[in-house]
1. How much length would be gained if the chain were fully extended between ASP107 and VAL200, taking 0.36 nm per residue of separation minus their Cα-Cα distance, in nm to one decimal?
2. Taking springs between alpha-carbon atoms closer than 10 angstrom, which of ARG99, ARG59, ARG177 fluctuates most in the Gaussian network model of the chain?
3. Loop only by DSSP, 15 or fewer other Cβ within 10 Å of the Cβ. Give me the GluC sites (Glu not before Pro) in the stretch 189-241 that pass, ordered by residue number.
4. Which of ALA144, ALA94, ALA66 moves the most in a Gaussian network model of the chain with Cα springs under 10 Å?
5. Tally the DSSP beta bridges in the chain and give the antiparallel ones as a percent, rounded to 5.
6. Quick one: Debye curve from the alpha-carbon atoms of the stretch 36-107 only, equal weights, vacuum; give me log10 I(q)/I(0) at q = 0.19, 0.21 Å⁻¹ to two decimals.
7. Which whole-number percent gives the relative contact order of the stretch 92-211, counting Cα pairs below 8 Å spaced six or more residues apart?
8. Choose one of GLY123, CYS13, ALA149: the residue whose Cα lies farthest towards the positive end of the charge dipole of the stretch 1-158 (beta-carbon charges +1 Lys, Arg; -1 Asp, Glu; about the Cα centre).
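FYI, it's all coordinate maths here, none of it is from the lab. Bear in mind the structure is a predicted one, so any value in this text is a computation, not a measurement. Methodologically, a virtual Cβ is constructed for each residue, glycine included, from the backbone with ideal geometry; neighbour enumeration extends over all protein chains shown.
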Amino acid sequence: MKRLYYDLHNHSCLSPCADNDSTPNNIAGMASLCGINVMALTDHNTCKNCPAFFEAADRYGIIPIAGMELTTSEDIHVVFLFDELRDAMRFDEAISKRRVLIKNRPDIFGEQLILDGEDNVIGKDEHLLSNATTVSVEEVQQLAKEYGAVCYPAHVDRESNGIIAVLGVIPEHLNFRCVEIYNKENIPEYRKRYIPDGVVTVIGSDSHCLTDMRDGENYFELDTDTDDISSLRRQLLDLLR
């Protein structure tokens, strides 16, 4: 058995509400210090810092997962995690056509920086990334299937953009096989009231600055002896499917 400590919900300096210090290299370095083996980068409605994060993760021996925290048209946050970086970038392109373009106010929301693998600024997203897209929560499972991803509702135990706060329930017909909890102390209550039997629960830090990251304490155990990063990433995501 291989035990992998994870954090599957993190934001870089491309997310408007995240610190500029949350660069791909700083995130990977902090993950290493925290004892995390598997880290996902899940910026709001974009994957454009994922290529840089993959480069940085390689330097620190972190298994990287390309992801996105999508805001649905209902204002629900849904985490997407991809088997392959190339599929994440195809998804990024598709979602860019479903965004509602509102000019960003860097003085209020942040600069939304796109970086390369050395943390050099190579661009900025000029439109606010955190607002709702035109993608309905009813569409997300089909999109995940089309782009080789797993998706699940983010921080269901929080009022802000949580599926339960918005809809009152986690609709069974949406067939989520996984949900994210922000505060693990809420797991017993939410399993009793909202989460169907058999649904996997993951803990996400939803870090927007480096000090938000939690020390490695949440883990998956894989029945494997491989050290191949692509294989480990795929096996882990299969657990969430």
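1. Separation in residues times 0.36 nm, less the Cα-Cα distance, equals 29.6 nm.
2. Looking only at ARG99, ARG59, ARG177, the largest GNM fluctuation is found for ARG59.
3. Answer in residue order: GLU217.
4. The residue with the greatest mean-square fluctuation here is ALA94.
5. Rounded to the nearest five, the antiparallel share is 60 percent.
6. -0.78, -0.90
7. Details: 127 pairs, mean separation 20.2, N = 120.
Averaging sequence separation for qualifying contacts and normalising by length gives 17 percent for the stretch 92-211.
8. ALA149
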